[in-house]
Amino acid sequence: MTEHKGLPDTFKHTSLSACNWLAVDFEYSSLDVSTAKFMSAGWIEGNHTGIDIQSSYYRLIRAQGDLAQTPIIHGLTPSDIARGVHVRDMYEHICQFATSHIWVLHNAQLDMGMLKELSKRLQQPLPAIVCIDTMQLALYQLYKKVDVIPKGGVILSKCRERYELANAPAHNALSDAMATLELWMAQMHSLDPSGCMTLNELKNTGAIKVFARHNESEHELV
């Protein structure tokens, strides 16, 4: 899985106001990409008119093996986990949004890295996916004001504070996806109040990330 320097032709000249967004969040058993298990997945759609609450998706993922303290952290019980869907079901569902939506993530490298490893385990290649990374955009905006980013300065809650967005519950994939989409809409308005900017014009921020496969090998394109 790699990041590409160019946007696909279908998105290259698309204005931000014409895009369909899919804000995505996952909860994992750890942050070690090679061993982490998906615990839950959440996403929600939006566009320039607002957030589509009815599009909300939230599923617990069945997981086995050593999960350490992760279920406790996320408020899950063994019976919750046992009732979860198979990770393949979630994976196949979310991949359907690859060509129709721009994915919005807070730390796209982590989440796409996890999906890459999952695709290998399932032996189902990831399609090309265009992402907006709200954390990277926050870094871009902060570096225009300060030389050193304070510790924790780009975590989701801190980024929302800078736009005076309400506190959002944490450790739930759907609520974090919603919080990320709200953040992106605030960021987008601050960058493009007239609604004329294109995805291509946003590339200089480093927040546009295009993940794709090259033949049978996986690589990153920025």
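The values are calculated or read from the model by the stated rules, or taken from the named source; none is laboratory data. Values in this document were obtained by computation on a predicted structure and should not be read as measured data. Counting neighbours? That spans all protein chains shown, and the Cβs are built from the backbone with ideal geometry, glycine included. Just the protein is used for accessible areas: all its heavy atoms, side chains included, with ligands, DNA and RNA removed. Shrake-Rupley method; radii C 1.70, N 1.55, O 1.52, S 1.80 Å.
Residue pairs whose Cβ atoms lie under 6 Å apart, separated by 6 or more positions or on different chains, with the first residue in segment 119-146 and within 25 Å of residue 98 (Cβ to Cβ) and the second modelled with pLDDT of 95 or more and open to solvent by 60 Å² or more (accessible area, probe 1.4 Å), are 122/88.
Looking at (1) touching a Ser or Thr at 6+ places or on another chain (Cβ under 9 Å); (2) open to solvent by 10 Å² or more (accessible area, probe 1.4 Å); (3) not hydroxyl-bearing (Ser, Thr, Tyr); (4) not in a helix (DSSP H, G or I), which is the only condition residue 104 fails? All conditions pass for residue 104, except number (2). With a requirement of 1 or more residues that are among the β-branched types (Val, Ile, Thr) and open to solvent by less than 70 Å² (accessible area, probe 1.4 Å), the strands (runs of 3 or more DSSP E) lying completely within segment 111-222 that satisfy it span 129-133, 208-214.
Selection of first residues in segment 78-97 that are in contact (Cβ under 8 Å) with a residue 40 or more places away in the chain and of second residues that are in a strand (DSSP E or B) and surrounded by 14 or more Cβ atoms within 10 Å (Cβ to Cβ), restricted to Cβ pairs under 6 Å at least 6 apart or on distinct chains, gives the following pairs, ordered by first then second residue: 84/60; 84/61; 87/38; 87/61; 90/41; 90/59; 97/22. For segment 1-62, the strands (runs of 3 or more DSSP E) that sit wholly inside it and include 3 or more residues that are touching a strand residue (DSSP E or B) at 6+ places or on another chain (Cβ under 6 Å) and among the aliphatic types (A, V, I, L, M) are 21-28, 38-47.
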